[in-house]
Amino acid sequence: MSPLEGIKVVDLSRVLAGPYCAQLLADMGADVVKVESPGGDENRLWGSRDEDDITCNFASVNRNKRSITLNLKSEAAKEVLHPLIRQADVAIQSFLPATAAKLGVDAETLRAINPNLIHCSISGYGEDGDLRNRPGYDLTMQAFAGVMSVTGVEGESPVRVGISCIDMSTGLTAYSGILTALIARSNGAGGAAVRASLLETAVSLLGYHAVAWLQTGLLPRKEGSGVWHLVPYQAFMCQDGYILAGATNDAAWRRFCSALGCEDYAMDERFATNDRRLENRPVLVPLLEARFAQQPVAHWVPRFEANGVAVAPLHTLDQVMSHPQVLANDMVIEAVTESGRATKVLGPPFKLSHHRVVSSRAAPKLGVHTEAVLKDQLDLADADIDRLREAGAF
């Protein structure tokens, strides 16, 4: 039995954060019905397309779901949405707060229909404050929340974090909030409204940078591939590529020097402690760079590993996705399309000992399950479906 078998989810969300949250629920066995507008989730338009004309962007966060179309602006759509909500355990939506209320998918409206519902709203700037109805996207939030202020190289143009880390992390946050609410409900607390936003996720991800400013007033500098509080801990250019290596404490520094074959650096008073190394970073880093440049990556990695020093080659994405360690941890799994074609997707980022996700259903085509859901789940007859279609419900 899957961990979330029997849990019914209505996924009204779009793009990345909400759909990723719903995909994780589906991976764990929940029955997820993805409700899209007749025009479809805009994520269906972004990125390269596979053989079934589904974009990789959409495929990355929508597997194991059934897709139905519903025009939420139509009064007739309520004849479909409300019965789905009455049956549901969880509803997820990512409209602006004002839009959600206008469409009738906000927590107050949907929980009035089903008081035991776990309603999860995902917004850009949160549901309170003057900016609550401002649209938010991963990249704009990287700017607004200060992520770009600590990314890149000091004195150079702003740099975007190369992955949609805020969107995807918000999906994980919403997933944990939903599970927390489900546990509370099982203990008698009833339904709940779960709130997540890109802003709150981004600020929480600032972590020690934010706490350092709150407690000491320290503003971090952009450190390129390194970090401001440890030296050395950054990328170094070797003969044939980059390597990431670092000393996370003074004992590791001595092992670092041994691996690099420059034990005299460990004895140098200028570099003996991390505080001294921070003071003398402009002197130390060029010395280390010169040493790394003398040998290829394949020379240095085993030496650092043998000395118990943090080290990693800078892989390209193709190297990552074919790496034996990634494959051994089921981070690449197989999904099957509606036509029976096998395709590769990413596995879930956590594993349960009694539930191993190794295959799944690929992301669905737009509205492909509409009639099946209306008939099987809502018990609607063909005549009712035709009437709703004529009324503009989907």
Is it the case that segment 141-156 has a residue that's within 25 Å of ALA107 (Cβ to Cβ), assigned to a helix (DSSP H, G or I), of a type outside the set (Gly, Ala, Ser) and modelled with pLDDT of 95 or more? yes
Taking segment 238-283, which residues are over 38 Å from the mean Cα position of the chain (by Cα), small (Gly, Ala, Ser) and within 20 Å of ARG303 (Cβ to Cβ)? SER258, GLY261, ALA266
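Which of the residues that make up segment 299-324 are assigned to a helix (DSSP H, G or I) and surrounded by 14 or more Cβ atoms within 10 Å (Cβ to Cβ)?
Within segment 299-324, HIS299, TRP300, VAL301, ARG303, PHE304, MET321 meet the criteria.
Quick one: in segment 160-179, which of the residues that are in contact (Cβ under 8 Å) with a residue 12 or more places away in the chain and more than 17 Å from GLY18 (Cβ to Cβ) is surrounded by the most Cβ atoms within 10 Å (Cβ to Cβ)? Explain how you work it out, then say what you get.
Within segment 160-179, the subset in contact (Cβ under 8 Å) with a residue 12 or more places away in the chain is 160-161, 164-175, 177-178.
Of the ones still in play, those that are also more than 17 Å from GLY18 (Cβ to Cβ) are 160-161.
Details: ARG160: 14, VAL161: 16.
Checked segment 160-179; the qualifying residue surrounded by the most Cβ atoms within 10 Å (Cβ to Cβ) is VAL161.
With the structure loaded, tell me whether ALA266 is touching a Cys at 6+ places or on another chain (Cβ under 6 Å), surrounded by 13 or more Cβ atoms within 10 Å (Cβ to Cβ) and touching a residue at least 12 places away in the same chain (Cβ under 8 Å) or whether it fails that test. Explain how you work it out, then say what you get.
Numbers: touching a Cys at 6+ places or on another chain (Cβ under 6 Å): yes; surrounded by 13 or more Cβ atoms within 10 Å (Cβ to Cβ): yes; touching a residue at least 12 places away in the same chain (Cβ under 8 Å): yes.
Judged against the criteria, ALA266 is a match.
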Sort out which residues of segment 325-343 are over 20 Å from the mean Cα position of the chain (by Cα) and in a helix (DSSP H, G or I), and write them in order of number. GLN325, ALA328
Among the residues listed as ALA196, ALA245, ALA184, the single one being aliphatic (A, V, I, L, M), touching a residue at least 60 places away in the same chain (Cβ under 8 Å) and closer than 24 Å to LEU4 by Cα: ALA196
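The values are calculated or read from the model by the stated rules, or taken from the named source; none is laboratory data. Since the model is a prediction, treat every value here as computed from it, not as a measurement. FYI the Cβ positions are ideal-geometry reconstructions off the backbone, even for glycines, and counts take in every protein chain you see.
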